Amino acid sequence: MTERLKLVQGDTLPTLIYTLTDAQTGAVVDLTGASVRLLLRPSGSAAAPASLAGILMDDPPGALGRVMIPLAASLATPGAFEGELEVTFPEGGVQTVYDLQHLYIRAAL
């Protein structure tokens, strides 16, 4: 079971940082020129997900497979959420990270 990230409504930190690796080899995935986004929706919902754009890290950007996802206003609603990381490579191929990301946002006081 994946650990659930716990956040408070209205927070814009922490920035989520992921390092993408190949499930077969464990090697870092070269994200140079790719775009990454976190698709997020309420847990168990069939609603269209919100999209949070990722920012490639390192020099050159993406070479070490690291991406940061800044938190945004789309996380303003309290509740349980599930998300998936989707990578679009420069040649147009799309790959989604299999494991779901789990977030819980509690109401601010």
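The values are calculated or read from the model by the stated rules, or taken from the named source; none is laboratory data. Just so it is clear, the structure is predicted and the values come from calculations on it, not from any experiment. Quick reminder, even Gly has a Cβ in these numbers, built from the backbone with ideal geometry, and neighbours come from all protein chains shown. When the accessible area is computed, the model is the full protein with side chains, heavy atoms only, and any ligands, DNA or RNA have been set aside. Shrake-Rupley method; radii C 1.70, N 1.55, O 1.52, S 1.80 Å.
Of the residues A23, S35, L52, the one whose Cα sits farthest towards the positive end of the charge dipole of the chain is L52 (charges of +1 on Lys and Arg Cβ, -1 on Asp and Glu Cβ, taken about the Cα centre). Each principal axis of the chain carries a Cα extent, and these read 42, 27, 24 Å when sorted largest first.
Rounded to the nearest Hz, the phi-derived 3J(HN,Hα) couplings of region 34-46 under the Karplus curve 6.51 cos²θ - 1.76 cosθ + 1.60 (θ = phi - 60°) are 8, 10, 10, 9, 9, 8, 9, 8, x, 4, x, 8, 9, where x marks glycine and proline.
Computed from backbone phi, the HN-Hα couplings of region 27-33 come to 5, 5, 8, 6, 9, 3, x Hz, rounded to whole numbers (Karplus: 6.51 cos²θ - 1.76 cosθ + 1.60, θ = phi - 60°; Gly and Pro given as x). Carbon-plus-sulfur accessible fraction, the chain (probe radius 1.4 Å, protein heavy atoms only): 56%. When the GluC sites (Glu not before Pro) in region 57-101 are filtered for DSSP coil states and for at most 11 other beta-carbon atoms within 10 Å of their beta-carbon, the remaining sites are E91.
With a 1.4 Å probe and every protein chain left in place, work out the accessible area per residue of the chain in Å², rounded to a whole number. All intermediate terms of the calculation are to be shown ahead of the outcome.
On the way: 6610 Å² over 109 residues.
Accessible surface, normalised per residue, equals 61 Å².
Each part reduced to its alpha carbon centroid, region 10-59 and region 80-109 end up 5 Å apart. In this rough spin-label picture, where each label sits 7 Å from Cα along the Cβ direction, the A46-T32 distance is 4.3 nm.
What is the magnitude of the charge dipole of the chain about its Cα centre, with +1 placed on the Cβ of each Lys and Arg, -1 on the Cβ of each Asp and Glu, and no other charges, expressed in debye to the nearest 20? Show your work: numbers first, answer last.
Working: 6 positive and 11 negative charges, 100 e Å.
That gives a dipole near 480 debye.
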